[in-house]
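The values are calculated or read from the model by the stated rules, or taken from the named source; none is laboratory data. What you see is a predicted model; the values in this text were computed from it and never measured. Positions of Cβ are backbone-derived with ideal geometry, glycine not excepted, and every protein chain shown enters the neighbour counts. Surface accessibility is based on the protein's heavy atoms, side chains included, excluding ligands, DNA and RNA. Shrake-Rupley method; radii C 1.70, N 1.55, O 1.52, S 1.80 Å.
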Amino acid sequence: RGLRRRTVARRAVDLSPFEEEVIRSADDQYPLTLDNVEMILDELRPYLMSDGGNVRVSSIEGPVVKLQLEGACGDCPSSTMTMKMGLERRLKEAIPEISEVVQVLPDAPDLTIEAVDEVLEGVRPFLSVAGGSIDLVSVEGAGGVQPTVLLRLEGKSASLFSVKNEISQRIHRHFMQSGLRVEWEGE
């Protein structure tokens, strides 16, 4: 006897906008207004709510829409993927004026030289024991779409990926900003 496969077609209502490419006509495009952003987010909310989360518009600044993920989505490790591949993709598809969608985190401290230096103070004792040091070179684009922290690491540990990774993770955990880049002088 031959092996028979049973194919089950997925119904359109089972498809998540986070998983499938949605092809829409030009008639389905809207101007950038709060009401239109909310209308598109209302399409996506059931998927977020099924995972115990939600989304709210924090602000619209020119062509940049700032959203806050709430509930389980707020601190989910996949929140950046949800924001970029789901919410941003669908919003830009329906509202072409949008240049970017960024995630706003409510309790994150401001990205300042003093605040970054405070995070670095937590690793300096360990680096000095190993004969190394770390200095903050600059903070650029604070409050923007892609802020950048430039650091200088010196000593034996300067070439160790694990040390740089740990410092970078501490900065990301502290500031919780989508798009934040940590770069190393000389790389």
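The table for this structure:
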item	result
Sole residue being more than 16 Å from the chain's Cα centre (by Cα) and open to solvent by 70 Å² or more (accessible area, probe 1.4 Å), chosen from Ser133, Ser159	Ser159
Residues located in the stretch 93-132, provided they are part of a strand (DSSP E or B) and either farther than 13 Å from Met176 by Cα or at pLDDT 90 or above (or both)	Glu100, Val101
Pairs where the first residue, in the stretch 55-70, is in contact (Cβ under 8 Å) with a residue 60 or more places away in the chain and the second is open to solvent by 20 Å² or more (accessible area, probe 1.4 Å), C-beta under 7 Å, 6+ apart	Val64/Ser99; Val64/Glu100; Val64/Val145
Residue satisfying condition, being under 28 Å from Val182 (Cα atoms), surrounded by 13 or more Cβ atoms within 10 Å (Cβ to Cβ) and modelled with pLDDT of 90 or more, within set Val37, Val57	Val57
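Conditions tested, residue by residue: (1) farther than 30 Å from Pro31 by Cβ; (2) of a type in the set (A, V, I, L, M); (3) buried (at least 17 other Cβ atoms within 10 Å of the Cβ).
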position: Gly71; (1), (2), (3): no, no, no
position: Thr80; (1), (2), (3): no, no, no
position: Met83; (1), (2), (3): no, yes, yes
position: Ala94; (1), (2), (3): no, yes, yes
position: Val102; (1), (2), (3): no, yes, yes
position: Leu111; (1), (2), (3): yes, yes, yes
position: Val119; (1), (2), (3): yes, yes, yes
